[in-house]
Amino acid sequence: MDAVDGTSSPSGTGPADPHRTEVLPTGSERTVRVARPAPLASWNYAGSSEETVLLPRPPLEQDAPAVPAPRTPADEQGRDDGALVRASGGMAVATLVSRLTGFLRTLGLTAIVGLNFVGSAFNVANTLPNIIFELLLGGVLTSVVIPVLVRAAKEDGDDGEGFAQKLLSGAAVGLALATALAVLAAPLLIRPYLDPGTDLELATDFAYLLLPQIFFYGMGALFGAILNSRANFGPAAWAPVLNNVVALVALGIYAFLPSPEVGISDAQLLVLGIGSTLGIVVQAAVMLPAMRRVGFRWKWRFGWDRRLSAFGGLAAWVVGYVLISQVGLAAILRVASGADEGGPAIYSYAWLLIQVPYGVLGVSLLTALMPRMSAAAANGRTDQVVADLSLGSRLSTVTLLPMSALLTVFGSQLGIALFSIGRSGPEGAASLGGAMAASAFGLVPMAVVMLQMRVFYAMNDARTPTLIMVVITALKVPMAYLCPVLLPPEQVVLGLAGVNAFGFVVGLVVGNIWLRVRLGHLDTKRVLRTLVLTLLASVVAVLVALLAVTLLERLLDGGASLVLRSWLVLVVGSSVFLAVVAVAMRLLRVPELDPVVSRLRRLLGRGPARTT
């Protein structure tokens, strides 16, 4: 979409309700068109011999607290929370479809390829392009590129098009060189992620076919950043759907090819590898027409822009963040491959599936929050930054905590019910479900940590997230290597899943302390109130669901197969849980429930959004 409809209203005259949510505006509504994020204030370069940092004026540094500028009507309109919910809701639809098709892709991979050494080899090789892309550009994109693109759109007479053209041209050359080097170094890149006793040759063969994705990941991400900086979120949100469709077609072809009893044929290797890469090509290419629709024309344009200097110090810290996080991932995958040939696949697929609720709700919220947090930071509006942090934390809690509880209790049944097909088998499916259950408690901490990182990035502080990642990794790596010492082989992957989730809990605590030092009051009481009420509702719902499942199992009395019993438990338990948690949250008057229900009603076409 080229613009986002929002609503705005004057403040009410009645007394403030301390329990009222401010997610949506109240009172009479008027429609506005948001064609750009709120305008940025002027920026200064502040540098040292160690780093170059973009500082907003007034700065948001602790030793020089910002004096908020008077709030103008334009500011109020630009910060319409209703517009945020509507923008994130539109992306949530696309992300929901993307996650559903992605789930089908994962289901196909586990059933057709299997949770074995072939699945692990493909999974690790398919992770490499993402890792290298994140090192080169991924983290820099969210922390630096979008704010600077918005700034260029404000300052330049051509709406920032010349700057974006230089950025794309330089990135295309750099990504092409990096991709070529990565393909040549494929055997070396595979080794840190797999135990020496595993099939490194097969993983390397996959890597040769999958590493070209780096170029298209990078260009597609930049295309999406340009669209997002112009408040056009739809194409980037829908592009992964086409990627998943292409991958599903490739899996369908793979399934009909002759296959050896053990391992994989050359034809299957080529179809799986090339099909996966082709999906990323389509994912990037589909955004080109959307860029033309918003008036952007990409022409090869080389030359240095002083604002590109902003990428120096900030990018170095962001690359450090990604590199340190990969140390933790490499340790976990290496330990998993040593414990079980299918360990890396089980761990990776479990964590991927755990993130489905976050991908549908959390990512769309962060994408919509980032431009306005950047604008608030640039304008020195510390109160607005804190308000967005509180809003994001509360919405994440209300939407994700019940999902976390549901996955913790019924994760094993979910794995057996969905993945006991094809080459996975009940044993592999049970391990996958157990890993989901073991890591589900990290869902809300992960969402809040990602939000905290965006707050630091909005303030052009890329150093603090990197230091927080150092703390997380310093705890995660030794805990990962303790898993095979303390746990039997069949439980090592479950332990690794729990270690990863615990890392986000640590990150949440450390990030909260750091932000409190930086920003002062964080609206913690309001967030904790929402957390406690949602947790209470979830506990009640779990108890009622377990009671229903217990009665069901007594009725079955062992008369059903493992898969059928898992399906029945999953359907009955989750249905009861969702019904009870919704009623309990309504009775407990969790204020953030209203905008969530409103969004769901709009998505289902059952009426207009509520504004309370």
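Each reported figure results from applying straightforward, stated rules to the coordinates on display, with no laboratory input. As the structure is a computational prediction, the values presented were derived from the model and not from experiment. Note that each Cβ is placed from the backbone with ideal geometry, even for glycine, and that neighbours are counted across all protein chains shown.
Fewest neighbouring Cβ atoms within 10 Å first, the residues T204, T397 line up as T204, T397.
Site pair R423 and L242 shows an inter-label distance of 3.0 nm when each label is modelled 7 Å from Cα along Cα→Cβ.
Where does each of E592, E201, E261 land when they are ranked from fewest to most other beta-carbon atoms within 10 angstrom? Each step should come with its number before you reach the end.
Details: E592 23, E201 11, E261 4.
Ascending number of Cβ neighbours within 10 Å: E261, E201, E592.
Between R297 and L467, what length comes free when the chain is fully extended (0.36 nm per residue of separation minus the Cα-Cα distance, one decimal in nm)?
On the way: separation 170, 0.36 × 170 = 61.20 nm, distance 3.88 nm.
Working it through step by step, the gained length comes to 57.3 nm.
Annotation: the residues I472, I346, sorted from fewest to most other C-beta atoms within 10 Å of their own C-beta, follow the order I472, I346. Modelled this way, with points 7 Å down the Cα-to-C-beta line, the labels at L546 and A285 are 5.3 nm from one another. Spin-label pair K525-L587: with each label point 7 Å from Cα along the Cα-Cβ axis, the two points sit 2.7 nm from one another.
D383 to A176: FRET efficiency via 1/(1 + (r/R0)^6), r the Cβ-Cβ distance, R0 45 Å, to the nearest 0.05? The partial results should precede the final answer.
Numbers: r = 45 Å, r/R0 = 0.99.
The value I calculate is 0.50.
Compute the Cα gyration tensor for the stretch 81-603, then decide on rounded, prolate or oblate, letting a ≥ b ≥ c be the square roots of its eigenvalues: rounded whenever a/c is under 1.5, prolate when a/b is larger than b/c in the other cases, and oblate in all that remain. Taking the square roots of the gyration eigenvalues as a ≥ b ≥ c, the stretch 81-603 is oblate. Between the beta carbons of L482 and I513, assuming R0 = 25 Å, the FRET efficiency works out to 0.45 to the nearest 0.05.
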